Amino acid sequence: MISIKEVTKQTGVTVRTMRHYDQIGLLTPAGKTEGGHRLYGEKELKKLQEIQFLKSLGFSLKKIEEMTGNVDHDWYSGLQRQLNYIIQEKEKLTEMEQMVKGVMNQFTLEGKVDMQHIQQLIHFSQQNKFKREEFLQQQFKEDKEKLFDLLPNVNSGDPDTLEWVALLAQIKKHMAKGIEAVEVQRIIRRILEKDQELFAGNEELSNAFWEVRKSQEKSQAAGLYPIEQGVLEFVEKATEYYLTKEAENLGGES
């Protein structure tokens with residue numbers, strides 16, 4: 001038999017918690033000293049381990065009392081329900097993580113965050129995945145599944161997405177300089193390189209995606225973050241200028 005203070009030393013459970021367990025009938029001591037101090041044996045320590053384990057799984061003290069106090073308790077069903085709860089909470093946390101990343105990326109793009117933008121992010125992050133897949137399948141047919149995994153997602157923190165976000169932010173920063181500006185053309189070159197990486201030289205797929213990207217309605221259906229029409233038009237004109245210059249340079253070399 002050991003004292004409550006020794007239990008605390010061995011398990012890390014506070015004296016206050018042990019007294020509370022005793023008061024609610026969850027874990028009563030094996031006995032008491034002449035001075036009234038609680039004493040615990042091996043059986044009680046084992047039950048305390050069970051209580052702490054079930055607490056770590058998210059069970060309430062009331063539920064733990066029911067589970068540990070009833071030898072006929074259906075542990076499997078109880079654990080299955082708790083697992084379902086944990087999975088749901090995990091999904092919620094994942095959604096929250098994506099939303100936070102989305103807001104951070106949106107701040108990089110816009111330089112500010114307001115409630116309208118946050119509402120947009122929430123809307124796009126909660127869009128029905130099946131509707132998005134159905135739309136993408138109609139647009140890109142057999143290449144849809146591969147594309148779906150590769151598309152930059154503003155709610156993601158992967159390096160590829162972060163680079164897309166940074167490129168768009170840089171475009172917006174230098175737009176006032178015009179499509180011919182060295183800074184703008186350098187960014188366009190990298191965008192075209194990333195386009196090549198994403199679509200592996202499949203121009204038909206690249207063009208189809210760009211048509212979706214240029215349409216606010218289609219972008220929304222595909223679950224893509226909305227980019228201002230003016231920015232998209234600027235990128236398109238800057239790209240045309242870049243490709244024209246490249247063709248002229250190649251022509252001059254031949």
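Values quoted throughout were computed directly from the atomic coordinates according to the rules given, and no laboratory measurement underlies them. Bear in mind the structure is a predicted one, so any value in this text is a computation, not a measurement. A quick note on method: Cβ atoms are made from the backbone with ideal geometry, for glycine too, and the neighbour counts reach across all protein chains shown.
Things to note:
- Cα point-scatterer Debye curve for segment 2-73, base-10 log of I(q)/I(0) at q = 0.23, 0.25 Å⁻¹: -1.07, -1.23
- Between segment 1-21 and segment 175-194, the Cα center-to-center distance that results, in Å: 67 Å
- Amide hydrogen proximity for Leu57: with H placed 1.01 Å from N in the peptide plane, no residue at 5 or more positions away or on another chain lies under 5 Å.
- ³J(HN,Hα), Karplus 6.51/-1.76/1.60, whole Hz, each residue of segment 68-82, x for Gly, Pro: 7, x, 10, 5, 9, 4, 7, 5, 4, 5, x, 5, 5, 5, 5
- The ranking of Trp210, Trp164 from fewest to most other beta carbons within 10 Å of each one's beta carbon is Trp210, Trp164.
- Estimated FRET transfer efficiency (Glu211, Lys177; beta-carbon r; R0 25 Å; 0.05): 0.35
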